[in-house]
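Only one structure is covered here, and it is reproduced in the block below.
The values are calculated or read from the model by the stated rules, or taken from the named source; none is laboratory data. Remember, it's a predicted structure, so these values are computed and weren't measured experimentally. All Cβ positions, even for glycine, are placed from backbone atoms using ideal geometry, and neighbour counts span all protein chains on display.
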């Protein structure tokens with residue numbers, strides 16, 4: 001097949017063809033001649049193939065119309081007229097990634113799969129969804145995913161006609177998935193800060209608007225405006241398609257041309273002609289244009305949040321998108337200046353007393369990327385002093401010269417990250433987003449953000465020629481395009497939303513009340529209706545035979561000749577070394593677990609007997625790709641016994657394998673714990689991180705807290721990394737001056753106890769030469785006999801807690817542990833969990849209830865956890881959780897639907913992992929005693945799952961619910977209005993001390 005430049009294939013013309021060493025493959029830029037559709041094919045041998053289609057979608061207001069459209073188009077289409085084809089695919093395909101994303105100026109629909117037939121199926125459903133969505137025939141989709149009114153009686157026992165009630169006796173509210181999602185997202189002060197900063201930098205264009213939508217503006221969006229924005233932007237000539245991996249490109253291009261591009265373009269051209277005949281303008285996408293420099297340094301955004309959440313940020317436009325080398329240089333510069341507490345600019349701002357935490361990053365994938373310097377845990381006058389201090393500190397560094405070792409270390413870390421490409425999603429999805437960083441703004445710029453080797457070479461060459469000093473001066477001192485925003489906590493006299501709704505309720509006529517009630521009833525009827533069997537049959541499906549055999553993992557085994565108990569992995573790591581030590585920490589007493597957690601959090605961030613903290617920072621960044629220490633509670637599939645360990649992991653390029661050994665040994669045996677000022681800074685930053693996480697991702701904390709009610713392992717984890725540790729941390733910081741010396745001694749004592757070679761297991765992946773270099777550098781710590789076990793865990797008990805945190809939504813968990821019920825793990829559990837998550841819970845809690853996320857996790861370790869995410873409800877969600885057992889016992893899917901659940905569940909187990917994750921999974925299997933035979937047995941059980949086995953799990957779920965182990969993190973009004981008999985607790989701020 002000819003793919004050389006100017007070649008034509010299925011209506012596409014190849015415009016460019018280049019070798020692309022960064023992906024070990026070749027890139028082809030194409031254009032569909034008849035329609036103008038753009039296509040990029042990234043060819044290599046990756047079996048995890050990907051497809052993505054994107055559209056340029058700059059917003060014109062804060063209504064979040066493109067975010068709502070992103071949700072809506074995946075709710076059925078002409079060829080696949082089912083309610084939730086997106087969910088059907090999650091339940092039935094072999095996808096390794098399936099999602100959609102709204103950015104400030106584009107919307108992207110990416111999918112990935114290891115099975116080519118499956119990928120074509122996914123492409124078919126996604127393309128029909130974006131070009132022929134059901135939204136034009138079904139208004140209720142807009143109301144479900146965007147917003148709608150709900151009218152309720154103020155008397156919960158009222159059972160009459162709500163439409164007949166007046167404003168005094170009724171209550172009007174908003175609901176909708178995106179509406180509730182953004183209430184949760186914009187409860188995070190950092191998210192509000194970023195949005196206001198972008199608005200301040202670009203006040204006269206699309207970037208002035210929140211592309212996700214703001215809760216105050218979303219209800220202003222009309223159904224007609226929403227449809228018009230789809231017509232204007234979801235056009236073939238406004239589309240960008242990316243294909244990636246080892247696939248049949250001839251087949252894919254033919255499919256795109258014949259099934260979608262040519263016919264859809266003809267439809268859109270005919271629609272444009274009709275509009276012109278009727279005196280309307282053609283449906284033209286909104287334009288993007290560079291914004292002239294502005295300087296806006298006095299933006300203050302009041303926000304109803306906790307005083308601890310006060311924050312500020314300064315933004316500095318870096319350059320146009322067309323200079324990726326400068327943008328990469330800015331990213332490296334920010335890391336060098338602000339990437340750790342020892343980075344020179346961050347250290348100076350902390351010492352100047354502006355805030356407890358300083359973070360900096362580049363906001364890219366925009367027409368004009370910008371740098372952000374953010375202050376969290378703001379101190380008095382910190383916001384007012386921010387810009388001046390940044391200019392003073394960085395100006396001085398630029399004048400005196402930035403330490404070249406610091407720049408070199410950050411450059412090395414950037415290289416490592418680019419080459420490892422471990423971003424938590426398939427490479428094809430990541431590369432699609434990278435390509436659009438240039439391609440969206442210039443049709444001739446599809447590849448510049450993928451060609452990073454040239455940019456790295458340019459930066460290496462410029463490092464000794466003052467490149468980074470010039471950039472620092474231009475960016476932070478001389479920059480005419482900058483802004484500063486201050487988010488100031490300020491409790492409003494009354495809720496603007498409540499006031500608006502009350503006023504609207506008072507103005508409603510009788511007919512309008514009836515229409516609201518009627519519309520909600522129609523929406524509920526749509527949500528509860530079963531899909532037509534013929535429509536469901538239209539969805540493309542695989543069979544269990546398409547799964548094939550389980551993928552063969554590279555082997556791993558103990559090296560009997562190594563000085564330590566060493567697990568050697570044969571995984572291909574592409575020139576990277578992964579070395580992780582697992583230390584037995586059973587000698588640490590339960591009361592000392594928070595100190596062990598502190599130890600893990602400060603290692604690598606303090607000085608040692610031979611190097612200062614700043615020198616350690618440079619060495620870690622320059623020589624290693626990563627270094628991380630974390631406590632680890634290892635539990636078996638059958639036993640509640642919990643083995644406490646400390647995981648110390650490091651990675652590097654293979655030539656630096658010796659540095660893993662040297663630096664790890666030095667940090668574990670020679671760290672100086674007497675630097676209390678640095679320790680206090682680190683712990684204060686940890687506290688801020690917890691507080692933000694409670695309000696932004698409280699479902700994870702709620703599930704972990706529920707686990708602490710049930711098992712020793714859960715209690716240990718909570719004491720070291722959840723609510724239990726946060727409370728310890730808060731008290732420690734409040735009394736730090738009097739407890740600091742004791743803390744230093746305790747950390748030193750625990751380090752000596754834990755970090756010995758006795759009882760340690762090393763996990764190593766890398767070449768034979770790297771293995772030789774590692775041992776040659778003498779990684780041993782000494783110590784022959786393990787210390788006596790002291791860890792005795794108090795008996796867990798159910799507490800049923802509701803933690804009040806600054807958010808407008810709730811995050812709720814209900815769960816128990818399967819092992820407490822005497823139940824064995826079966827391969828039918830993942831199948832049942834997927835059915836409950838993407839059928840019952842999705843429809844009841846997300847679709848009807850308006851929560852952004854919901855699910856059931858059934859882990860092999862034992863935990864059974866229901867959870868909801870960014871949820872406007874609490875009691876109703878708990879009722880749905882309680883009803884799960886009865887639902888699964890009645891579950892009666894068609895044979896093909898059960899087969900789909902089996903396929904998707906098994907494919908999730910078989911999905912390829914990056915080397916880092918694969919090696920870690922193998923090590924944990926070894927530590928927990930999970931034999932390959934047992935893993936194969938569970939997979940076989942999964943593929944053989946019957947409906948009777950799924951239904952039988954209802955009894956276990958019922959018993960789990962009966963344990964009444966519930967925890968929620970959420971909004972005060974939601975918690976205080978609950979009838980669920982939970983103990984309400986102020987977790988953050990002054991109120992926490994009283995609870």
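Of the residues examined, residue 108 is one that is at pLDDT 95 or above, outside any loop (DSSP other than H, G, I, E, B) and farther than 24 Å from residue 544 by Cα. Within segment 634-644, if we keep just the residues that are surrounded by fewer than 22 Cβ atoms within 10 Å (Cβ to Cβ) and in a strand (DSSP E or B), the residue that is nearest to the chain's Cα centre (by Cα) turns out to be 634. Taken over segment 270-309, the residue count meeting the criterion of being touching a strand residue (DSSP E or B) at 6+ places or on another chain (Cβ under 9 Å) and surrounded by 13 or more Cβ atoms within 10 Å (Cβ to Cβ) is 18.
Residues are listed down the side, and each one gets a yes or a no for (1) assigned to a helix (DSSP H, G or I); (2) more than 28 Å from the chain's Cα centre (by Cα); (3) on the phi > 0 side of the Ramachandran plot:
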position	(1), (2), (3)
923	yes, no, no
938	yes, yes, no
960	yes, yes, no
968	no, no, no
978	no, yes, no
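Of all the numbered requirements in (1) touching a helix residue (DSSP H, G or I) at 6+ places or on another chain (Cβ under 6 Å); (2) surrounded by fewer than 16 Cβ atoms within 10 Å (Cβ to Cβ); (3) under 30 Å from residue 135 (Cα atoms), residue 33 misses one, and that requirement is (1). When we screen 78, 45 for residues that are out of contact with any helix residue (DSSP H, G or I) (no Cβ under 7 Å at 6 or more places or on another chain), surrounded by fewer than 24 Cβ atoms within 10 Å (Cβ to Cβ) and assigned by TED's automatic domain parsing to the domain that holds residue 264, the only hit is 45. Taken across segment 813-828, residues that are in contact with a helix residue (DSSP H, G or I) (Cβ under 9 Å, 6 or more places away or on another chain), farther than 30 Å from residue 918 by Cβ, in a helix (DSSP H, G or I) and not assigned by TED's automatic domain parsing to the domain that holds residue 603 do occur, with at least one present. Going by the conditions given, is residue 518 within 30 Å of residue 135 (Cα to Cα), surrounded by fewer than 13 Cβ atoms within 10 Å (Cβ to Cβ) and outside the structural domain of residue 844 (by TED's automatic domain parsing)? Against the criterion (within 30 Å of residue 135 (Cα to Cα), surrounded by fewer than 13 Cβ atoms within 10 Å (Cβ to Cβ) and outside the structural domain of residue 844 (by TED's automatic domain parsing)), residue 518 qualifies. None of 143, 84, 116 is surrounded by fewer than 22 Cβ atoms within 10 Å (Cβ to Cβ), in contact with a helix residue (DSSP H, G or I) (Cβ under 7 Å, 6 or more places away or on another chain) and in contact (Cβ under 8 Å) with a residue 60 or more places away in the chain except 143. Taken over segment 645-686, the criterion of being free of Cβ contacts under 8 Å to residues at least 60 places away in the same chain and surrounded by 20 or more Cβ atoms within 10 Å (Cβ to Cβ) is satisfied by 663 alone.
In this structure, does residue 588 turn out to be touching a strand residue (DSSP E or B) at 6+ places or on another chain (Cβ under 9 Å), outside the structural domain of residue 89 (by TED's automatic domain parsing), over 30 Å from residue 121 (Cα atoms) and part of a loop (DSSP other than H, G, I, E, B)? Criteria met by residue 588.
Quick check: anything in segment 359-375 within 25 Å of residue 612 (Cβ to Cβ), buried (at least 19 other Cβ atoms within 10 Å of the Cβ) and out of contact with any strand residue (DSSP E or B) (no Cβ under 8 Å at 6 or more places or on another chain)? No, segment 359-375 has no match at all.
Here 336, 314 are screened, and the one residue that is farther than 16 Å from residue 484 by Cβ and either buried (at least 17 other Cβ atoms within 10 Å of the Cβ) or modelled with pLDDT of 95 or more (or both) is 336. Screening residue 167 against (1) surrounded by fewer than 19 Cβ atoms within 10 Å (Cβ to Cβ); (2) touching a helix residue (DSSP H, G or I) at 6+ places or on another chain (Cβ under 7 Å); (3) assigned by TED's automatic domain parsing to the domain that holds residue 107 leaves a single unmet condition, (3).
Restricting 884, 876 to residues that are within 30 Å of residue 973 (Cα to Cα) and surrounded by fewer than 20 Cβ atoms within 10 Å (Cβ to Cβ) narrows the list to 876. Counting residues in segment 856-873 that are touching a helix residue (DSSP H, G or I) at 6+ places or on another chain (Cβ under 8 Å), modelled with pLDDT of 95 or more and surrounded by fewer than 20 Cβ atoms within 10 Å (Cβ to Cβ) gives one or more. With respect to (1) over 27 Å from residue 622 (Cα atoms); (2) touching a helix residue (DSSP H, G or I) at 6+ places or on another chain (Cβ under 6 Å), the lone exception for residue 469 is condition (1). Considered as a group, the residues in segment 175-193 that are touching a strand residue (DSSP E or B) at 6+ places or on another chain (Cβ under 7 Å) and over 22 Å from residue 226 (Cα atoms) include one that is surrounded by the fewest Cβ atoms within 10 Å (Cβ to Cβ), and that residue is 190.
Table: residues versus (1) under 35 Å from the mean Cα position of the chain (by Cα); (2) farther than 23 Å from residue 592 by Cα; (3) not in a helix (DSSP H, G or I).
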{"residue": "725", "(1), (2), (3)": "yes, no, no"}
{"residue": "730", "(1), (2), (3)": "yes, no, no"}
{"residue": "741", "(1), (2), (3)": "no, no, no"}
{"residue": "750", "(1), (2), (3)": "yes, no, no"}
{"residue": "769", "(1), (2), (3)": "no, yes, no"}
{"residue": "773", "(1), (2), (3)": "no, yes, no"}
{"residue": "778", "(1), (2), (3)": "no, yes, yes"}
{"residue": "789", "(1), (2), (3)": "no, no, yes"}
{"residue": "796", "(1), (2), (3)": "yes, no, yes"}
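Scanning segment 422-437 for residues that are touching a helix residue (DSSP H, G or I) at 6+ places or on another chain (Cβ under 6 Å) and either in contact (Cβ under 8 Å) with a residue 60 or more places away in the chain or farther than 20 Å from residue 114 by Cβ (or both) turns up just one, 422.
Restricting segment 925-935 to residues that are out of contact with any strand residue (DSSP E or B) (no Cβ under 7 Å at 6 or more places or on another chain) and closer than 16 Å to residue 554 by Cβ, which is surrounded by the fewest Cβ atoms within 10 Å (Cβ to Cβ)? Among those residues, the one meeting the criterion is 932. Considering each residue of segment 527-543 in turn, none proves to be outside any loop (DSSP other than H, G, I, E, B), touching a strand residue (DSSP E or B) at 6+ places or on another chain (Cβ under 6 Å) and in contact (Cβ under 8 Å) with a residue 40 or more places away in the chain. Out of 388, 382, one residue alone is touching a residue at least 40 places away in the same chain (Cβ under 8 Å) and more than 30 Å from residue 23 (Cβ to Cβ). It is 382. Of all the residues in segment 475-496, those that are in a helix (DSSP H, G or I) and crowded, with 16+ Cβ neighbours inside 10 Å number 2. Going residue by residue through segment 835-854, is there one that turns out to be modelled with pLDDT of 95 or more, over 30 Å from residue 179 (Cβ atoms) and in a helix (DSSP H, G or I)? Within segment 835-854 (the criterion being modelled with pLDDT of 95 or more, over 30 Å from residue 179 (Cβ atoms) and in a helix (DSSP H, G or I)), the answer is no, since none of the residues qualifies.
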